[in-house]
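Rule-based calculations on the coordinates, nothing more; no lab input. Worth saying up front: this structure is predicted, and the values here are computed from it rather than measured. Cβ placement follows ideal geometry from the backbone for every residue including glycine, while neighbour counts extend to all protein chains displayed.
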Amino acid sequence: MTEEEIKRFMTIIKKDYPNSKLTSEELEEWKDALSKISFTEASIKYYDHRNNANFRDKFPSIKLFIKTSSNINYLTNCIWCGKQFSSAEIRSHEERHSSVNYIVKKYKEHWNIEIDKSKYDELMNMNQEEFDARYDDFLEKLNNKCPSKIIQKILYLNANPGKELPMELYEEDKDEKTKKVFYGITNNI
Ligand SMILES: [Zn+2]
C-alpha cells in the first residue's frame, strides 16, 4: 500500500472504532504491516473481520495484516476473473484488473467508448513496462479531458521517480470528485 492508501485504510478502521486509540509505537507497526500488502488484500481481510457479529467489541488484530512469509506459496483465486494464481503473483494481477477497470469506466464516461473483451484481455496480458506507458498515456488523455491536479501529480511522480513535487502541484486537491478519481488510481500504483 502507498502512504495515502494506508491513511485511507486507517480512516476506515477508525470509523468503526472511534474510541480505540493506537499508541504511536503500535501505529508504526500497523503502517509497516500495511505497507507490505495491497489495499485490496487488507480490505478483504478487514471485511472478513467485520463479518463477525460482535466485531465492534474487538479491535482487529494486527496479525490479520502481517504478510505471511513469501517462502510459503499458496494458490488463490482472483477476485475479478476467478483464475487461480500463486500468492506471489496475485497482487500484481489484481492491481492490473483494477487499473484496466478504471480505464474501461473512464472511456465509457468521457468518450462513450466501450472497451470490448479482446481489448480488455490485451491490456491484462501486456507486460508491465508496456502497460505502465499505456496507463500514463491514458492519464494524460484523461487530464486533457477533465483537468485534475491529482492526475497531474501522479503523472509527474511516474515521470520523475523519487523527485519532490514542484510547488504548484503540492497543495491538496479539495474537490471531492477528483479525490475519488485519485483513490481509484492509487489503488493501481
Ligand atoms: Zn483476474
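Residue by residue, the range 125-131 carries 3J(HN,Hα) couplings of 8, 5, 5, 4, 4, 5, 5 Hz when phi is fed to the Karplus relation 6.51 cos²θ - 1.76 cosθ + 1.60 (θ = phi - 60°); x denotes Gly or Pro.
Residue pairs exceeding 22 angstrom between C-alpha atoms, taken from Lys45/Lys149; Lys14/Lys63; Lys36/Lys108; Lys63/Lys163: Lys45/Lys149; Lys36/Lys108; Lys63/Lys163.
Sorted largest first, the principal axis extents computed over the alpha-carbon atoms of the chain equal 47, 42, 31 Å. Taking 8 Å as the Cα distance limit and 6 or more residues as the minimum spacing, I'd like the relative contact order of the chain as a percentage. Reported relative contact order: 20 percent.
Got the relative contact order for the range 3-77 handy, in percent, Cα pairs under 8 Å and 6 or more residues apart? Intermediate values should be presented prior to the final figure.
On the way: 33 pairs, mean separation 26.9, N = 75.
Taking the mean separation of contacting Cα pairs over the length of the range 3-77, I get 36 percent.
Counting other Cβ atoms within 10 Å, which chymotrypsin sites (Phe, Trp or Tyr not before Pro) in the range 120-150 have at most 11 and lie in a DSSP loop? Display every interim value, and only then the final one.
Details: sites: Tyr120, Phe131, Tyr135, Phe138; in loops: none.
Passing both the DSSP loop test and the Cβ count: no residue.
Which loop chymotrypsin sites (Phe, Trp or Tyr not before Pro) in the range 1-77, with loop taken from DSSP, have no more than 13 other Cβ atoms within 10 angstrom of their Cβ?
Values: sites: Phe9, Trp30, Phe39, Tyr46, Tyr47, Phe55, Phe65, Tyr74; in loops: Tyr74.
Hits after loop and neighbour filter: Tyr74.
In a simple Cβ point-charge model (Lys, Arg +1; Asp, Glu -1; nothing else charged), the range 3-77 has a dipole of about 260 debye relative to its Cα centre.
So which GluC sites (Glu not before Pro) in the range 38-129 end up in coil per DSSP with only 13 or fewer other C-beta atoms within 10 Å? Before the final figure, lay out the partial values.
On the way: sites: Glu41, Glu89, Glu94, Glu95, Glu109, Glu114, Glu122, Glu129; in loops: Glu114.
In loop regions of the range 38-129 (DSSP not H, G, I, E or B), the sparsely surrounded GluC sites (Glu not before Pro) are Glu114.
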